[in-house]
Every structure is written in structure tokens, then in C-alpha cells.
Amino acid sequence: MNRLPVNPLIMRGLRIAEEELGRERLATRLGVTAGAIDDWRMGLAAMPQDKFLQLVDVLASIDPSWKRTDPGAPPAADAKRILVVDDNADAAVTLAHLLELLGHHATAVVDSRRALEMAKELQPQIAILDINMPHVNGLELARLFRADEQLKHCCLVALTAMDGLDYREMIRQAGFDAHIRKPADAPLLRAIIAQFEDR
């Protein structure tokens with residue numbers, strides 16, 4: 001049986017919604033079986049984008065900080081260009097999609113070797129970098145951003161499952177401005193991005 005990489009953002013969203021509504025009621029709100037929720041949670045199936053949108057709306061009914069912007073509205077003056085780099089394609093795309101639902105312009109990159117090239121093209125104000133990636137890890141990538149004349153002022157956010165004082169110090173020394181533990185949900189993303197409003 002092939003399993004997909006587990007998407008921590010979807011896992012967190014499902015957990016919050018299930019704690020508030022219960023499994024059966026959540027399944028009804030999403031228009032799926034409880035078994036489909038189990039499959040998403042265990043990595044047996046990917047959550048379709050339309051179901052992710054429904055999940056975000058369910059979460060917004062529980063916690064208003066999950067509320068997404070009106071897709072027909074013009075971009076807010078404080079909308080940021082954000083680059084998401086994560087080798088877990090599902091996690092990268094889902095996080096970028098959530099950032100767009102929050103009113104930002106987000107691009108996902110799953111091959112860290114292409115991240116610098118994409119950053120130079122897009123000129124993001126914020127880059128959210130997974131730390132544990134093959135080829136070029138997030139710490140190395142942060143150092144490359146800081147050494148590049150075009151990118152050195154980009155706000156860097158470390159995205160990782162790891163924590164601890166030594167780990168945070170390593171992240172700080174690599175040049176990151178902030179550190180968030182996976183999964184990065186809407187309230188946490190809003191708080192982190194708010195730190196960089198003047199940039």
C-alpha cells in the first residue's frame with residue numbers, strides 16, 4: 001500500500017474541526033464519508049482542493065482567523081509576495097493555497113535547487129523555507145538568500161517540525177527572521193506575516 005506524505009496543515013485543520021464538531025458531523029459538512037477523512041489523515045488519499053476550501057470554511061466558522069478573503073476582491077494593500085519552499089509537494093501547494101486564501105500572492109517550490117532562481121524572478125517579500133529538504137536544506141538556502149544582493153532583504157521564516165533552544169539558535173545564525181513549527185495554520189501565519197507589515 002503506497003502512502004502519500006502526510007500534510008501537517010490538513011492534519012491540524014482536521015483535528016481542530018473534528019474536536020469541535022465530531023467526526024460524523026465534520027464528514028457531513030465536507031460532504032464525504034468518515035472513511036475519506038481517515039484516508040486523508042493517514043496519507044492514503046490526497047485531499048482534493050475543493051474539500052480543502054470547504055475545510056477552511058468550516059474552520060473559519062470555528063475560529064474567525066481562518067476566514068479567507070473574498071476571491072473577487074482586489075488584493076489588499078498589505079498583500080505580500082510569499083515563496084514557499086518544501087520538498088513535500090502536497091504540503092507546499094496547500095500552504096501556498098492557504099496563503100492565497102488569506103489574501104497574499106504565494107508560489108510553491110518543491111525542489112530547493114530551484115528556490116533561489118524562483119526567488120530572483122518573483123522577488124518575494126517573505127520566504128517560508130522547510131528546513132529538512134534534500135539537495136539544499138533550509139539552513140543552506142537561508143544563507144544563500146542572505147548572501148545574494150537581490151534577496152538579502154527578504155524576510156525568512158523557518159518551517160520545521162523540530163524545536164529546542166539549540167535548534168532555534170542554529171536557525172537564527174543561518175539568517176532566519178522567524179521560526180514556526182509545522183503545521184503552520186491560518187492564525188499562526190497571520191501572526192507571523194503581521195511581524196513583517198512594514199517590509
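Here are some notes:
- Residue match in the range 142-154 (condition: closer than 26 Å to Lys51 by Cα and in contact (Cβ under 8 Å) with a residue 24 or more places away in the chain): no
- Some residue of the range 109-131 being modelled with pLDDT of 90 or more, surrounded by 20 or more Cβ atoms within 10 Å (Cβ to Cβ) and among the charged types (D, E, K, R): yes
- Answer residue from the range 34-60, given it is farther than 17 Å from Asp90 by Cβ and in contact with an Asp or Glu (Cβ under 9 Å, 6 or more places away or on another chain) and is surrounded by the most Cβ atoms within 10 Å (Cβ to Cβ) among those: Leu59
- Hits in the range 132-173 (condition: loosely packed, with under 15 Cβ neighbours inside 10 Å and among the hydroxyl-bearing types (Ser, Thr, Tyr)): Tyr167
- Every residue from the range 174-186 that is more than 13 Å from Cys154 (Cα to Cα) and surrounded by 14 or more Cβ atoms within 10 Å (Cβ to Cβ): Ala174, His179, Ile180, Lys182, Pro183, Ala184, Asp185, Ala186
- Summed over the range 81-104, the residues that are crowded, with 22+ Cβ neighbours inside 10 Å and among the charged types (D, E, K, R) give a count of 1.
The values are calculated or read from the model by the stated rules, or taken from the named source; none is laboratory data. As the structure is a computational prediction, the values presented were derived from the model and not from experiment. We place every Cβ from the backbone using ideal geometry, glycine too, and count neighbours over all the protein chains shown.
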